[in-house]
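Derivation of every value follows stated rules applied to the coordinates shown; laboratory data play no part. Please read these numbers as outputs of a predicted model, since none were measured by experiment. Every residue, glycine as well, gets a Cβ built from its backbone with ideal geometry; the counts of neighbours run over all protein chains shown.
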């Protein structure tokens, strides 16, 4: 059992599938089964020529950035969408987070229309845009641009699911009749199974759900008891 499968098993047990059996039919699908429910597992990452390096630094940065924004508290008078742009190599979060926090705390709200750009360092900058109404936080993550790869989390999930789902559906087709229900468990190295409501809605609206799968689940590789259905 490899690391991806071990994470999937931890997720399954958290959902009550304590008797899940690894490779019940040998070296053919499914990866796990519990009674008449079969589970096929795969790592979900960005498909590009540079391998897995993009996800290693990019996605944890997004998660940390969102936590930082939430820590800045509720709106003073309105809310602001904040996007960030960066290039690699990325500065250590310990120092970069201090610079971002200082820049946003020093941000003076005004009635300016359009996008306000805030430089943070030579390789990292912010863009702030007024929301139409106060939201749950003063600052809300509005997206980001990785100049080494491109793409927001929702769009990357949609793009890569479009690659993975047909591949996995084809793989299980000869074995599908052996089980009454099939789940696809994806260990999510793109969004880490942490999506804002609008991102999850975009993914669900734009991903074709193949009939082979009863459920398609994204699992957080850092905390595999967390998962979301798409």
Quiz item: If we sort 2-8, 223-229 on the protection proxy, mean other Cβ atoms within 10 Å, highest first, what's the order?
Solution: 2-8, 223-229
Self-check item: At q = 0.24 Å⁻¹, base-10 log of I(q)/I(0) for the range 54-146 (Debye sum, equal scatterers on each alpha carbon)
Solution: -1.35
Practice problem: Report the residue, chosen from 218, 44, 104, that carries the largest GNM mean-square fluctuation when the chain is represented by alpha-carbon nodes joined by springs under 10 Å. | Solution: 104
Self-check item: Choice from 169, 177, 125 showing the highest fluctuation, given a GNM over the chain with Cα pairs closer than 10 Å
Solution: 177
Quiz item: Considering the chain, what Rg and Dmax in Å follow from its alpha-carbon atoms?
Solution: 20.3, 65
Quiz item: Can you put 66, 204 in order, fewest other beta carbons within 10 Å first?
Solution: 204, 66
Self-check item: Mean Cβ count within 10 Å, highest first, over the residues of peptides 186-194, 91-99
Solution: 186-194, 91-99
Quiz item: Which one of 127, 197, 103 has the biggest mean-square fluctuation once the chain is modelled by GNM with Cα springs under 10 Å?
Solution: 197
Quiz item: Using the 10 angstrom Cβ neighbour count as an exposure proxy, how do 136, 141 rank, fewest first?
Solution: 136, 141
Quiz item: So what is the calculated 222 nm ellipticity per residue for the chain, using -39500 (n - 2.57) for each DSSP H run with n of 4 or more, over all residues, to the nearest 500 deg cm²/dmol?
Solution: -10500 deg cm²/dmol
Practice problem: Give the order of 67, 42 when sorted by the count of other beta carbons within 10 angstrom, beginning with the fewest. | Solution: 67, 42
Exercise. Apply 1/(1 + (r/R0)^6) to the Cβ-Cβ distance of residue 78 and residue 25, taking R0 = 35 Å, and write down the FRET efficiency to the nearest 0.05.
Key: 0.05
Quiz prompt | Approximate spin-label separation residue 92-residue 106, in nm, with each point projected 7 Å along Cα-to-Cβ | solution = 2.2
Quiz item: Expressed in nm to one decimal, what extension gain is obtained for the pair residue 63 and residue 215 from 0.36 nm per residue of sequence separation less their Cα-Cα distance?
Solution: 52.2 nm
